[in-house]
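Shown next, in structure tokens, is the structure this report addresses.
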Amino acid sequence: MSPATVSWSPVSLGPNDFGLKPQPFHISVKPDFIHETQQKARHFRPSLSLTQDQDSEPDWSDGPPAPEVAALARYWAEDYKWEAVQERMNSELSHFTITLPGVRGYETPIPLHFVHERSHDEEAIPLLLLHGWPSTHLEWEKVIQPLVSPQEPETKSFHVVVPDLPGFGFSPAPTRAGLGPHEMGLAMDALMGALGYRRYGIVTTDLGWQMGMWMVQDVGHNIIGHMTDFFIPQPTPADVRRLQDGQSTEQEAEYLQSMQGYMDRHAAYATIQSQKPLALASAMADSPVGYAAWIWHLMYAVSDGYAYSHEELVTSTMMLYMQGPYGNLRTYKEFYKAGFSRISQWLNPNGPYPELKRFPIAPRSWIERVANVVYMAGHDFGGHFPAVSNPELWVEDTRNFFKLVSKAT
């Protein structure tokens, strides 16, 4: 991370300066960087777009429509107040940093930023929340306090730990190749150990799900249970043959068709990020609005119609843009080496693309091939970011799951 970008207090930017023990952290982005970013937004040059009929809906098939992106750029340049967002983050959450020693397979020290909120109940369950791309710890912003301090006194609470993955938010990007889901999972286990949590639960989504699956395999003796709102089991050759022969169940056919639709028409971002992340980052690093458009298109496609505000879109981009996009984009290159491998599932019926309306509701029997499923909740809405779009129900699913696994352990 460039020292010209973020002022870290009370620690500097070097990976060995974060401290081997957790240290309080105060977010303070340098004003000159904020000003520079606003100027880049002010001078953003919108793309040409195809001519449309006056009464037709904006066409998102190639990406966010040019007028929508131009409006976002104007908001960023004229109305967006990072200082207010920064103050909210500092006042509402407890931030820390730590440098973890290298793990098996990645010997370089790993500096992390994380949020740590403890319940007043000393018997609360320690809970590690792991996000994906294009998220940061802010994906969990709406659910942290309900988990830590439930309104009903008899409701079980949690000690919540929410890291920014390396290269995301305020966690510096890896300095060399090799920090994949397996190694990153070992680092997260080391983080929980450093905080004094010998046994803990994990909740994951997206790239975090891959980490969680490795953690269950590698350090499962430390894990109470793994809850995820994202699970992508791969079909076997026999599954594909049954689909071709018309012998699949309705759910199996819908899942395979939605997966195929996603891969055919909506996975370009993942392909580029896993194959040529530096080429992409070189363009995105110079255009914060361009990077916002890149992120926005995915969020629009899979969020079940959730209407992101301009402030949410700019803040999500800022959290990935501040230290440069390369570190978080390149995570796909490391994670895709591992391939895609208990569950609350969320449909996407209100999204813009028919082929994604059933994505990614996998058959339970397929998930049980690779996981011990003890709880499964299905929702006909919610999309890919349910902790953002439906935080109350998301918290309820999480509580229900850990209520079950707590009785079993």
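The values are calculated or read from the model by the stated rules, or taken from the named source; none is laboratory data. Keep in mind it's a predicted model, so treat the numbers as computed, not measured. Cβ sites come from the backbone with ideal geometry, for glycine too, and all protein chains shown count toward neighbours. For the accessible areas, the whole protein counts, side chains as well, though only heavy atoms, and no ligand, DNA or RNA atoms are used. Shrake-Rupley method; radii C 1.70, N 1.55, O 1.52, S 1.80 Å.
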Virtual spin-label span in nm between Asp380 and Glu36, 7 Å along Cα→Cβ: 5.1
Label zone at Gln145 (point 7 Å along Cα-to-Cβ), backbone N below 19 Å, the range 88-122: 88-96, 115-121
Rule-of-thumb Rg ratio for the chain [Cα; 2.2 N^0.38 Å; N residues]: 0.97
Efficiency of FRET between His26 and Asn372 - r from beta-carbon atoms, R0 45 angstrom, step 0.05: 0.60
Given charges at beta-carbon only (K, R positive; D, E negative), |dipole| of the range 195-310 in Debye: 380
Signed unit charges on C-beta, dipole axis of the range 188-286, positive-most listed residue Thr271, Met227, Gln217: Gln217
³J(HN,Hα) computed for each position of the range 185-196 - Karplus, 6.51 cos²θ - 1.76 cosθ + 1.60, integer Hz, glycine/proline x: x, 4, 5, 5, 5, 5, 4, 5, x, 5, 8, x
Rg over Rh, two decimals, the range 74-192 (C-alpha only, Kirkwood Rh): 1.03
Local electrostatic count, His137, Cβ distance below 14 Å [Lys/Arg +1, Asp/Glu -1]: -4
Sequence of Trp60, Trp294 when ordered by accessible area, the most exposed leading, probe 1.4 angstrom: Trp294, Trp60
Selected from Gly19, Leu50, His159, residue furthest toward positive end of dipole (the chain; charges at beta carbon): Gly19
Sites matching trypsin sites (Lys or Arg not before Pro) across the range 53-102 that sit in DSSP coil, with at most 11 neighbouring C-beta atoms within 10 Å: Lys81
The range 230-343 shape via C-alpha gyration tensor axes, a/c threshold 1.5: prolate
Within the range 260-278, backbone nitrogen closer than 15 Å to the virtual label 7 Å beyond the Cα of Asp59 toward Cβ: none
Area accessible to solvent at Tyr336, 1.4 Å probe radius, in Å²: 80
Zone of Arg45's modelled label, taken as backbone nitrogen in the range 285-317 under 15 Å from a point 7 Å along Cα→Cβ: 286-290
Cβ charges +1 (Lys, Arg) and -1 (Asp, Glu), total dipole of the chain, debye: 1220
